[in-house]
Amino acid sequence: MSQEAEIIEKLRGELGENFIEESRIRPNRPVVTVQRDVLIQALRLLVEVFNARLCTITAVDDGVDFELIYHMSIKGLVMSIKVFVPKEESEVASATSVIPGAASAEREIWDLFKIKFQGLSDPRPLIVPYEWRDVKVPLRKPMGGLVSEYQKPTVETLMQQGQVFTMPSTVKGHRENFKLPEVKTTMTRPEALKEIHEITEEVGFDRRIGYDWARKRLRY
């Protein structure tokens, strides 16, 4: 087993369902996406078991969530741990409890994106001018996602019901008169709607459009 495969297998075993997916930046640059709540657990495993060292932390604002990517060097291999941070909360645990040297990168990200790192003892700004502090956040975008304003009702209905339009009663009546079979839809088949929701989550469509399952609405 290669070093890379061993590390990924160990992370998958330790994190269980909190291990979301494995992807690639390049063929030799693996990325493991984990739930935000187990970020420190994942980093500690890499540091304590595989003697990993932090290269840097990348922050990306995708409009609805922040992506935080921790680039870890492990004996010539660079592996990244990714977490998503909801903009409504903009908080994540500081990696300094495991990697004290992460403080400078976290301070820079706080300065440019206003992502709060819980447990960071010194969050003083590093980059923005004094007069910008608490006024401007240079790299933080306004809250917004892929769905335009006029599309929101259609997308929300699709996510809630699995279909946008219902069959009119006149059409149903005509079909009955012609003795045509009943049309099966997600409105009459809850199991079909459940399957659609499972597929939506599996491929990450709900996250990409910023859908809130509890509120049954888009987050923006």
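The set of residues in the stretch 176-220 that are over 25 Å from Phe84 (Cα atoms) and exposed (fewer than 10 other Cβ atoms within 10 Å of the Cβ) comprises Asn177, Phe178, Lys179, Pro181, Lys184, Glu191. Just one of (1) closer than 22 Å to Ile109 by Cα; (2) at pLDDT 95 or above fails for Ile25. It is (2).
In the set (1) in contact with a strand residue (DSSP E or B) (Cβ under 8 Å, 6 or more places away or on another chain); (2) among the basic types (Lys, Arg); (3) surrounded by 14 or more Cβ atoms within 10 Å (Cβ to Cβ), the condition left unmet by Lys172 is number (1).
The conditions of being of a type in the set (S, T, N, Q), within 30 Å of Asp65 (Cα to Cα) and in contact (Cβ under 8 Å) with a residue 40 or more places away in the chain are met by Gln160.
Any residue at all in the stretch 194-210 that's among the aromatic types (Phe, Trp, Tyr), closer than 30 Å to Glu17 by Cβ and out of contact with any Ser or Thr (no Cβ under 9 Å at 6 or more places or on another chain)?
Our first condition is that a residue be among the aromatic types (Phe, Trp, Tyr); within the stretch 194-210, this holds for 205.
Narrowing further to those that are closer than 30 Å to Glu17 by Cβ: 205.
Keeping just the survivors that are out of contact with any Ser or Thr (no Cβ under 9 Å at 6 or more places or on another chain) gives 205.
Yes, the stretch 194-210 contains a residue that is among the aromatic types (Phe, Trp, Tyr), closer than 30 Å to Glu17 by Cβ and out of contact with any Ser or Thr (no Cβ under 9 Å at 6 or more places or on another chain).
Being among the polar types (S, T, N, Q) and farther than 30 Å from Ser148 by Cα: is that true of Ser90 here? Spelling it out, it is not the case that Ser90 is among the polar types (S, T, N, Q) and farther than 30 Å from Ser148 by Cα.
Given the criterion of a type in the set (A, V, I, L, M), under 15 Å from Glu89 (Cβ atoms) and modelled with pLDDT of 95 or more, identify the matching residue among Leu39, Leu54, Leu45.
On the way: Leu54 fails: under 15 Å from Glu89 (Cβ atoms); Leu45 fails: under 15 Å from Glu89 (Cβ atoms).
Answer to the selection: Leu39.
Pro138 meets all of the listed conditions (1) surrounded by 13 or more Cβ atoms within 10 Å (Cβ to Cβ); (2) in contact (Cβ under 8 Å) with a residue 24 or more places away in the chain but one, namely (1).
Just for helices (runs of 4 or more DSSP H) wholly inside the stretch 119-220: which have at least 3 residues that are touching a Lys or Arg at 6+ places or on another chain (Cβ under 9 Å) and closer than 30 Å to Leu39 by Cα? If you could, list the steps in order and put the result at the bottom.
Working: elements: 152-161, 169-177, 190-202, 205-209.
Fully inside the stretch 119-220 and qualifying: nothing.
One residue is enough: does the stretch 109-117 have a residue meeting the conditions closer than 18 Å to Val85 by Cα, surrounded by 15 or more Cβ atoms within 10 Å (Cβ to Cβ), among the acidic types (Asp, Glu) and outside the structural domain of Ala93 (by TED's automatic domain parsing)? No, the conditions are met nowhere in the stretch 109-117.
The values are calculated or read from the model by the stated rules, or taken from the named source; none is laboratory data. This structure is a prediction, so every number in the text was calculated from the model and none was measured. Cβ: placed from backbone, ideal geometry, glycine included. Neighbour counts: every protein chain shown.
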